[in-house]
Amino acid sequence: MKDTFALPQGPYLLSHSVGRPLTTAQHAFNEAFFAPWQQGQQEPWSQWLQAIEQFTQALARLFNSSAGQFCPQVNLSSALTKLLMAHPRLTRGGCKVLLSEQDFPSMGFVLQKALPEDCQLRFIPAHEDVSDAQVWQHYLDTEVDLVFVSQVYSNSGQQAPVAHICEYAKKRGVLSLIDVAQGAGVIPLNLTAVAPDFMIGSSVKWLCGGPGAAYLWVNEQQLAHCQPKDVGWFSHSNPFEFDIHHFDYHPSALRFWGGTPNIAPYVLAAHSISWFNGYGIDKVRNHNLAMQQLLWSHLQQWIVSPKEPEKRSGTLIVHGGRHQQALLAELNKACISVDERRLGIRISPHIYNDEQDIAALLSVANRVLGD
């Protein structure tokens, strides 16, 4: 796959941050975005809006759902803000939301500011094992209105048992929201089977679709309850009605869309997601686990992320103890792209990484840490 993606010098193992673009991405972007703009005799909106449809259709195939349940968003924070202000259960006083201290801080910021002032945030402490279904059951009581679940926790390399959590939440009468930012493209998710109430995600990481192409998914059973406040003409059931005195919500998740949309990010993302749909996310995951296993076989004593594949994300976390900074420096010197968070060095093998990439990393690690 190295010829299929635009790769830098040296092994690139940062797909948990930004995935590498397809080599065909620039041509596809020019054809779908610039060509209608540069060469067309009329305004290009009809062609541009087709690209948005291709984006939602690609997402529908990726997550086994319908395109009408997806709405493009500029980022996850905006998507979450719109949702919190739209659902009656989340706009009433005293509502309670459960999340983990391991969640991405931006999500916590939104929950603090977008919910009514008297709402309560309940946190699963950071030391708890969020890959354990029993932990979620312990904290998820009937007083909770919404449980916010990250499919993958980027700093710990843990994967949450989202199917179990959603099933348990439904039995307890609790709304469920899944954040798939760190899992989309490497951890398969069947929305029809898991059936959360809401999902938010992006395309910049494992889907290799670049920034700005986020999305909100709404369960059909919740759609009619949602009345977004942040709207625009593309939130209208008929955007081209042009009657300033009349507004009617779009019947699909596009009611969350808003004003004149950005186009470019969705053109890039639609091309990339379509490629991954053709290749198969199961294959991506199998390859990811195979590369991880090579690391496990040599670095087991230094790995602090879960060992069980079903609890493991696409990222391994390695901590070299007193050699940590030396290891990070030597990997950087060898042009091996990784990064570091509080728990250790994050290593994310994607479909464009191979055994030679892993061997290069292990060569450095063994030299610094000892065989």
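Loop-resident trypsin sites (Lys or Arg not before Pro) (DSSP state other than H, G, I, E or B) in segment 186-295 with no more than 15 further Cβ atoms inside 10 Å of their Cβ: Lys229. For segment 320-371, the equivalent ellipsoid derived from the Cα gyration tensor has semi-axes of 18, 13, 9 Å, listed largest first.
His298 contributes about 110 Å² of solvent-accessible surface, heavy atoms of the protein only, 1.4 Å probe. In the context of the full set of protein chains, residues of segment 60-165 present 39 Å² of accessible surface per residue (probe radius 1.4 Å, heavy atoms only). Protein heavy-atom surface of segment 293-371, 1.4 angstrom probe: 48% of the accessible area is carbon and sulfur, with nucleic acids and ligands not counted.
Look at the alpha carbon pairs under 8 Å that are at least 6 residues apart: their mean separation over the length of the chain gives a relative contact order of 23 percent.
For Asp248 and Glu340, the difference between the fully extended length at 0.36 nm per residue and the C-alpha to C-alpha distance is 28.3 nm. So if a site counts as exposed when it's one of the GluC sites (Glu not before Pro), its DSSP state isn't H, G, I, E or B, and it has at most 12 other Cβ atoms within 10 Å, what's the longest stretch of the chain without one? With a cap of 12 other Cβ atoms within 10 Å, the longest stretch comes to 242-371.
Loop-located trypsin sites (Lys or Arg not before Pro) in segment 92-160 (DSSP state not H, G, I, E or B) with no more than 14 neighbouring Cβ atoms inside 10 Å: Arg92. The share of accessible area on segment 157-254 that comes from carbon and sulfur is 54 percent, using a 1.4 angstrom probe. Could you calculate the FRET efficiency of Tyr139 with Asn30 from 1/(1 + (r/R0)^6), where r is the beta carbon distance between them and R0 is 41 Å, rounded to 0.05? Efficiency at R0 = 41 Å is approximately 0.25.
Relative contact order, whole percent, for segment 20-106 stands at 13, derived from Cα pairs under 8 Å and 6 or more residues apart.
Projecting label points 7 angstrom from Cα along Cα→Cβ for Ser297 and Lys333 puts them 2.8 nm apart. So which lysines pass the test for Lys311, namely a Cα distance under 25 Å, with those fewer than 8 places away in the same chain ruled out? Those lysines meeting the cut-off are Lys170, Lys171, Lys205, Lys283.
Multiplying the residue separation of Ala163 and Asn238 by 0.36 nm and subtracting their alpha-carbon distance yields 23.4 nm. Selection among Phe70, Tyr215, Leu121 by position relative to the dipole of the chain gives Leu121 as farthest towards the positive end (Cβ unit charges, Cα centre).
Relative to the longest principal axis of the C-alpha atoms of the chain, give the angle of the C-alpha long axis of helix 281-299, reported between 0 and 90° and rounded to the nearest 10°. On a 0 to 90 degree scale, this one is about 30. Positive end of the dipole of the chain (Cβ unit charges, origin at the Cα centre): among Ala290, Thr260, Gln151, the Cα lying farthest that way belongs to Ala290. Overall, the chain carries a charge dipole of about 460 debye about its Cα centre when +1 sits on the Cβ of Lys and Arg and -1 on the Cβ of Asp and Glu, all other atoms neutral.
Helix 162-171 axis versus longest C-alpha principal axis of the chain: approximately 40°, rounded to the nearest ten. Excluding Asp230 itself, calculate the net charge of residues whose Cβ lies under 15 Å from the Cβ of Asp230, where each Lys or Arg counts +1 and each Asp or Glu counts -1. Counting the neighbours of Asp230, the net charge comes to +4. For segment 230-371, the Cβ-based charge dipole about the Cα centre amounts to some 620 debye (Lys, Arg positive; Asp, Glu negative; other atoms uncharged).
Full extension of the chain between Gln356 and Glu310 yields a length gain of 14.0 nm, computed as 0.36 nm times the residue separation minus the alpha carbon distance. Computed over segment 1-123, the P(r) curve from all C-alpha pair distances, binned at 10 Å from the origin, holds 10, 24, 29, 23, 12, 2 percent per bin.
Summing Cβ point charges (Lys, Arg +1; Asp, Glu -1) relative to the Cα centre of segment 309-371 gives a dipole of roughly 340 debye. Each of Val318, Val18, Asn238 was scored by the projection of its Cα onto the charge dipole of the chain, and the greatest displacement toward the positive side belongs to Val318; charges sit on the C-beta of Lys, Arg, Asp and Glu. Taking the C-alpha atoms only, the angle from helix 264-279 to the longest principal axis of the chain is near 60 degrees. Surface listing: His350, His127, His27, His246 arranged by accessible area from highest to lowest gives His127, His27, His246, His350, probe 1.4 Å.
The values are calculated or read from the model by the stated rules, or taken from the named source; none is laboratory data. Keep in mind that this is a model prediction, so the values were computed, not measured. Note that each Cβ is placed from the backbone with ideal geometry, even for glycine, and that neighbours are counted across all protein chains shown. When the accessible area is computed, the model is the full protein with side chains, heavy atoms only, and any ligands, DNA or RNA have been set aside. Shrake-Rupley method; radii C 1.70, N 1.55, O 1.52, S 1.80 Å.
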